Amino acid sequence: MNDVLVIAGKPPRYDQARIPGLFLIAVVALLTACGGESKTTFDDLGVNRTAFNWYLPDSAPLPVEPEINPMTEAKFQLGRHLFYDRRLSGNGTQSCADCHQQSIGFTDGLAVSVGSTGELHPRNAQPLLNVAYNATLTWGNPSLRTLEQQILVPLFGEFPVEQGINDGNQEQILERLRDESRYQELFPDAFPEQGDPIDYNNIVFALASFVRGMVSFNSDFDRYERGDSSALSASAKRGRQLFFGEDMECFHCHGGYNFSDSTFDRTQTFIERPFHNTGLFNINGTGAFPENNRGVFEVTEDPSDMGKFRAPTLRNIALTAPYMHDGSMNSLEDVIEFYAAGGRNIESGPNAGDGRFNPFKDGFVTGFEVTNQEKADLIAFLNSLTDETYLANDRFSNPWSTP
Ligand code: HEC
Ligand code: HEC
């Protein structure tokens with residue numbers, strides 16, 4: 001049953017795992033398609049209408065489940081244990097939860113993440129919520145389309161090393177897990193048809209099931225949209241008008257129920273995967289972004305993909321500073337000033353250049369006038385996207401610390 005997952009026929013980049021020849025992941029066909037705005041039909045991804053309870057309000061659409069890994073509560077619970085387990089790293093010091101902490105929206109509070117051996121990641125840790133709806137995964141990679149693919153990167157990636165599982169330690173790590181009495185029940189519960197279920201394929205499938213099940217639709221904004229007009233303050237209501245208005249243009253890229261234009265669910269026939277250059281850099285006036293952080297260009301090497309990233313969800317945004325793919329903005333106020341200026345002008349240093357004139361910048365980032373009151377209103381609206389119940393939800397908390 002062992003097969004190789006090939007992420008692409010190119011030499012490894014920083015965000016590609018070089019995967020030991022271990023895994024059966026039947027999504028390889030999905031990996032071959034590439035490109036910014038390509039469309040996949042719904043059927044390509046498969047759907048299983050399982051009995052899994054998503055705990056979603058009626059207003060939220062159901063996420064798609066891949067045919068190869070339908071949702072079950074047993075896989076979700078196993079994945080939750082693995083997510084919080086540092087034994088699942090080469091030197092036993094790092095779990096997913098170290099970079100994705102529940103109290104701060106499953107981010108790590110750092111500008112860029114640090115792997116288990118101390119290597120710096122070029123990117124800021126992303127919030128985990130409603131990831132099941134993301135049409136692509138990570139900040140700017142059109143080829144990462146399922147969690148089953150994406151999760152290989154932190155586990156096995158070498159550029160940089162995150163959890164640092166490799167040929168030299170993978171057996172030892174499985175031994176650590178086999179010695180844990182909880183796993184002796186959790187793995188067979190999750191994969192009942194298998195004789196010896198503690199393997200990497202099942203680890204990846206269980207982690208994917210857990211992350212897929214991490215859904216959040218209970219912010220003040222959601223309550224307001226469901227009809228409770230007192231859920232938003234007067235200031236947040238004004239901010240909502242600004243956000244969805246044609247002056248600030250935010251909603252063009254951060255629209256829809258997940259505040260991202262790169263969203264899919266079971267109601268959609270076609271999936272769009274847009275990426276945008278927002279004018280953060282323009283090194284030497286050439287349009288360039290810093291090495292390793294050039295967005296979709298890193299994958300496609302198409303010059304017009306320079307600096308293009310996925311519009312991230314803005315849910316829980318008040319908790320997940322610092323902002324942007326490189327963590328280079330400290331506050332929501334900085335972010336609003338950046339959009340108001342229509343890009344970022346870096347006056348000196350190795351990245352000097354005026355991002356406002358980046359030739360690949362998206363037409364919706366044009367700049368606008370903003371008063372202090374409007375800034376405060378927009379921030380009040382962004383604050384209303386925090387889901388406190390999600391942060392306190394035991395379904396997503398550390399199962400090892402509860403008896
Ligand atoms: C060293 C810190 C670190 C660890 C450990 C880590 N992550 Fe992440 N995670 C990140 C960073 C940084 C990104 C953004 C990566 C990029 O854009 O290339 C990310 C992105 C993601 C995404 C994409 C979210 C989206 O909106 O597209 C998912 C899902 C994810 N991580 C899940 C996990 C899981 C599951 C684990 C454990 C197997 C894990 N991460 C371990 C730092 C980490
Ligand atoms: C052209 C599309 C586009 C428009 C218009 C746009 N954004 Fe964004 N937004 C993005 C993209 C793409 C990113 C990620 C950029 C990066 O990291 O390089 C982003 C990032 C952000 C972030 C940081 C998210 C995080 O997790 O770090 C915030 C906050 C944000 N936008 C708010 C806004 C607001 C408020 C507006 C309106 C004033 C707006 N955006 C308009 C595309 C857009």
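Here are the numbers:
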| read-out | value |
| --- | --- |
| The chain, accessible surface, carbon-and-sulfur percent (1.4 angstrom probe) | 52 percent |
| Low-density loop positions, GluC sites (Glu not before Pro), segment 137-204 - DSSP coil, at most 10 other Cβ in 10 Å | E193 |
| Between segment 114-139 and segment 332-403, the Cα center-to-center distance that results, in Å | 17 Å |
| Label-point separation in nm, R178 to S59, each point 7 Å along Cα→Cβ | 5.0 nm |
| Computed [θ] at 222 nm, helices only, for the chain once each DSSP H run of length n ≥ 4 contributes -39500 (n - 2.57) | -7000 deg cm²/dmol |
| For G295, residues with placed amide H under 5 Å, excluding near neighbours | G307 |
| DSSP-assigned coil residues among GluC sites (Glu not before Pro) in segment 229-314, each with at most 16 further Cβ atoms within 10 Å | E246, E272, E291, E301 |
| Rg over Rh, two decimals, segment 220-389 (C-alpha only, Kirkwood Rh) | 0.98 |
| Cα-only Debye scattering, the chain: base-10 log of I(q)/I(0) at q = 0.08, 0.13 Å⁻¹ | -0.42, -1.15 |
| Solvent-accessible area per residue, Å², over the chain with all protein chains present [probe radius 1.4 Å] | 41 Å² |
| Segment 341-403: GluC sites (Glu not before Pro) in DSSP loop, at most 12 other beta carbons within 10 Å | E347, E369 |
| Cβ-derived FRET efficiency at R0 51 Å, E291 paired with A392, nearest 0.05 | 0.80 |
| Between segment 206-221 and segment 289-303, the Cα center-to-center distance that results, in Å | 29 Å |
| Cα-based Rg / Dmax (Å) for segment 280-356 | 12.9, 35 |
| For segment 67-122: Kirkwood Rh in Å [reciprocal of mean 1/r, alpha carbons] | 12.7 Å |
| Positive minus negative residues near D247 (Lys, Arg vs Asp, Glu; Cβ under 10 Å) | -4 |
| Rg and Dmax [Cα atoms of segment 205-246; Å; Rg one decimal, Dmax integer] | 15.2, 44 |
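The values are calculated or read from the model by the stated rules, or taken from the named source; none is laboratory data. Source: prediction; values computed, not measured. Don't worry about glycine lacking a Cβ; one is built from the backbone with ideal geometry, like all the others, and counts go over all protein chains shown. With ligands, DNA and RNA removed, areas are computed over all heavy atoms of the protein, side chains included. Shrake-Rupley method; radii C 1.70, N 1.55, O 1.52, S 1.80 Å.
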